[in-house]
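Worksheet for the structure shown next.
The values are calculated or read from the model by the stated rules, or taken from the named source; none is laboratory data. Everything numeric in this text was worked out from a predicted model, so none of it was measured. With ideal geometry, Cβ positions are generated from the backbone for all residues, glycine too; neighbour counts draw on all protein chains shown.
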Amino acid sequence: MRIIDLRSDTVTQPTPAMRRAMADAEVGDDVFGEDPTVGRLEEIAAECTGKEAALFVVSGTMANLVSSLTHCGRGDEMILGDQSHIFFYEQGGTAALGGIHPRIIPNQPDGKLNLEDIEAAIRSDNIHFPVTRVIALENTHNRCNGSPLDAEYMRSVGQIARKQGLKIHLDGARIFNAAVALETDVRELTRDADSVSFCLSKGLAAPAGSLVCGSKEFIARARRNRKVVGGGMRQAGVLAAAGILAMTEMAERLSQDHFHARKLAEGLANIKGISADPEKVKTNIVFFEITRGNLTAQTLSGQLNSEGVRMLPLDPFRLRAVTHYHITSDDIEYVMKIFAGILK
Ligand SMILES: Cc1ncc(COP(=O)(O)O)c(C=O)c1O
């Protein structure tokens, strides 16, 4: 059966060039700082995000955890969005493992946190309150239609943070998608963040790995925190080799994924029983809702799956589809035919 997997861009498989680079990678023990390929990947990541240094970690979740542990001590507070990946999908790890208190404020539909909400959430100096340390933002915003946050917004949050002596952590799991969608340089979007995490294993198609980027001093402390959560890898150059190609060769093509996502949303918007807004689709993530009363997201995803089309039911009547490296225009047309058949 023809399988079209739109559950996530994490399903991407390494390219043939990545597999060759992995086989040929020069490696060493990275906990001793002796893996030259990891060193090169970290240099490229630091350069690309405009930071002094970078640290290779296992996953986006570990990148966010290590960054949070590096910014905050136990009992310190992190301001973050109620739809953020850190809050929604990381098992509350920052609280469970780091004792970091989450201060949740609403994400707007475009993934932003209102500046007034951020300012209102910052604690004053009072013996009853935790100490606010960091504001966490997400770009692109996964649960908010994959929306990119622009440089101007980042600058506004940066001004608040600097005025109040706070740090900014940017969960930039899909920061390359944001830069491509906004036709800007990644550095424009990361300038105001003190730490940035991004993933190699999503739209960029590497098999595993994320990076944390920041000042030399921050990354030295983050390196210790990576070790304490068990993230010190040894001959990790085999993974870093694929990561280098992910960063240097796979970013530009993301515009194709965005084009396909838009096409998918336009097709879905024309189907009776589905509500989709193509205007909201700026990158590779499409959310849509079922408006036909007797059908749930779970049932629809089961029906699609039995026809080889995979999508994630994320809420009772809402599904998510994510375009990526292996999805073609022809696949999108095929998916629309399957939808038309199921919802006829
Ligand atoms: C915005 C965001 N942050 C972090 C992560 C976590 O990445 P990982 O699955 O590599 O832990 C994801 C994963 O989808 C994500 O979408």
Kindly indicate whether T10 is in a helix (DSSP H, G or I), within 16 Å of the ligand (Cβ to nearest atom) and out of contact with any strand residue (DSSP E or B) (no Cβ under 7 Å at 6 or more places or on another chain). yes
Which of the residues spanning region 132-166 are over 19 Å from the mean Cα position of the chain (by Cα) and among the basic types (K, R)? R133, R155, R162, K163
Are there any pairs, at least 6 apart or on different chains, whose C-beta atoms fall under 9 Å, with the first in region 77-89 and closer than 12 Å to H101 by Cβ and the second of a type in the set (A, V, I, L, M, F, W, C) and near the ligand (Cβ under 9 Å from one of its atoms), and if so, which? M78/I86; L80/I86
Might you check whether a residue that is within 18 Å of the chain's Cα centre (by Cα), in a loop (DSSP other than H, G, I, E, B) and among the small types (G, A, S) occurs anywhere in region 227-248? no
Could you list, in sequence order, the residues of region 25-53 that are under 18 Å from G214 (Cβ atoms) and buried (at least 19 other Cβ atoms within 10 Å of the Cβ)? V38, L41, E42, A45, A46, C48, T49, K51, A53
Got a sec? Which of E333, E279 is in a helix (DSSP H, G or I), within 23 Å of the chain's Cα centre (by Cα) and not assigned by TED's automatic domain parsing to the domain that holds N177? E279
So, in region 165-186, exactly how many residues are within 16 Å of the ligand (Cβ to nearest atom) and more than 24 Å from E249 (Cα to Cα)? 2
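Residue-wise test of (1) crowded, with 19+ Cβ neighbours inside 10 Å; (2) under 21 Å from P36 (Cα atoms).
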| residue | (1), (2) |
| --- | --- |
| N225 | yes, no |
| A240 | yes, yes |
| D257 | yes, no |
| N270 | no, no |
| E289 | no, no |
| L295 | no, no |
| V309 | yes, no |
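Yes or no, residue by residue, for (1) within 12 Å of the ligand (Cβ to nearest atom); (2) under 18 Å from T283 (Cα atoms):
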| residue | (1), (2) |
| --- | --- |
| F87 | yes, no |
| L97 | no, no |
| H101 | no, no |
| I118 | no, no |
| A121 | no, no |
| T140 | yes, yes |
Would region 227-235 turn up any residue that is more than 15 Å from T61 (Cα to Cα), modelled with pLDDT of 95 or more and buried (at least 18 other Cβ atoms within 10 Å of the Cβ)? yes
Out of (1) within 15 Å of the ligand (Cβ to nearest atom); (2) without any contact (Cβ under 8 Å) to a residue 12 or more places away in the chain, the odd one out for R162 is which? (1)
Across region 187-217, the tally of residues that are within 15 Å of the ligand (Cβ to nearest atom) and either part of a helix (DSSP H, G or I) or under 18 Å from V281 (Cβ atoms) (or both) stands at 4
